[in-house]
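> Dropping the structure in here first, questions after.
The values are calculated or read from the model by the stated rules, or taken from the named source; none is laboratory data. Treat the numbers as computed from the prediction; the structure is a model and nothing was measured. So basically every Cβ, Gly included, is an ideal-geometry build from the backbone, and we count neighbours across all protein chains shown. Note: areas computed on protein heavy atoms with side chains; ligands, DNA, RNA excluded. Shrake-Rupley method; radii C 1.70, N 1.55, O 1.52, S 1.80 Å.
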Amino acid sequence: ATKMSSLAKVVIRINDTDVLVISLANKSKLPADMKLWLDVGVNSNNTRRYIDVNAIHQRLGDTLCKALLALRSLTGYDYTASFQRKGKVKPLKLLEKDLETQEVMGRMGEQENILNEDVNVLEKFICNLYGHKSISSVNEVQHNNARTKYEDYPGFKDSSFVLYFVFF
């Protein structure tokens, strides 16, 4: 696609949001003057629309757009969310405010291995997603949540009891 004329106008007919995410993440690899549109919906129920990928990419910025692929993978797909009761909008809103996580997620598809520092940034993002801004360990968040939930149960003071409920 990068050998196409920069004056090209490309329309992709889709019925899946994955193509929008892929298009946004890879827009910077296409000629800057190329116009990219997605044709979505159907005529029969008046839902057919054209989505201007260039405008969305410009509004969100290249760093956030590159991070969208990793966010999509991390949060799950249309019908199978990875994070309980978090949906898609909350992680996106959180990512929009977090440049460090955007940069880490943007690199994820470009490198063979994920660096330990990057794992730490992602783990902190997940803790923040669950409202624990001062904690950067998912295990610590799980432990604290179990402590809150099960503190009234007999035997709670035994740490193996907490670990049993957190991990099993």
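> Sort out which residues of the range 62-96 are at pLDDT 95 or above, of a type outside the set (A, V, I, L, M) and either more than 21 Å from residue 28 (Cα to Cα) or open to solvent by less than 30 Å² (accessible area, probe 1.4 Å) (or both), and write them in order of number.
65
> A follow-up question, please. On the basis of being within 30 Å of residue 29 (Cα to Cα) and either modelled with pLDDT under 80 or surrounded by fewer than 15 Cβ atoms within 10 Å (Cβ to Cβ) (or both), does residue 153 make the cut?
Working: within 30 Å of residue 29 (Cα to Cα): no; either modelled with pLDDT under 80 or surrounded by fewer than 15 Cβ atoms within 10 Å (Cβ to Cβ) (or both): yes.
Here the answer is no, as residue 153 does not meet what is asked.
> Could I ask something else about it? State which residue is surrounded by the fewest Cβ atoms within 10 Å (Cβ to Cβ) when the search covers only the range 35-46 and only residues that are within 26 Å of the chain's Cα centre (by Cα) and not small (Gly, Ala, Ser). Full working, then the answer.
Narrowing the range 35-46 to residues within 26 Å of the chain's Cα centre (by Cα): 35-41.
Right, trim to not small (Gly, Ala, Ser) and you get 35-40.
On the way: 35: 16, 36: 22, 37: 18, 38: 19, 39: 13, 40: 18.
Step by step, filter the range 35-46, then rank; the result is 39.
> Next question, about the same structure. When the residues of the range 6-27 are filtered to those that are part of a helix (DSSP H, G or I) and at pLDDT below 90, which remaining residue is most open to solvent (accessible area, probe 1.4 Å)? Let's see the steps before the verdict.
Step one: list which residues in the range 6-27 are part of a helix (DSSP H, G or I), which gives 17-27.
Restricting the remaining residues to those that are at pLDDT below 90 gives 17-18.
Working: 17: 68, 18: 46 Å².
Per the stated criteria, the residue is 17.
> Of all residues in the range 4-53, which are of a type in the set (S, T, N, Q) and free of Cβ contacts under 8 Å to residues at least 24 places away in the same chain? Spell out the reasoning first.
Our first condition is that a residue be of a type in the set (S, T, N, Q); within the range 4-53, this holds for 5-6, 15, 17, 23, 26, 28, 43-47.
Those that are of a type in the set (S, T, N, Q) and free of Cβ contacts under 8 Å to residues at least 24 places away in the same chain: 26, 43, 44, 45, 46, 47.
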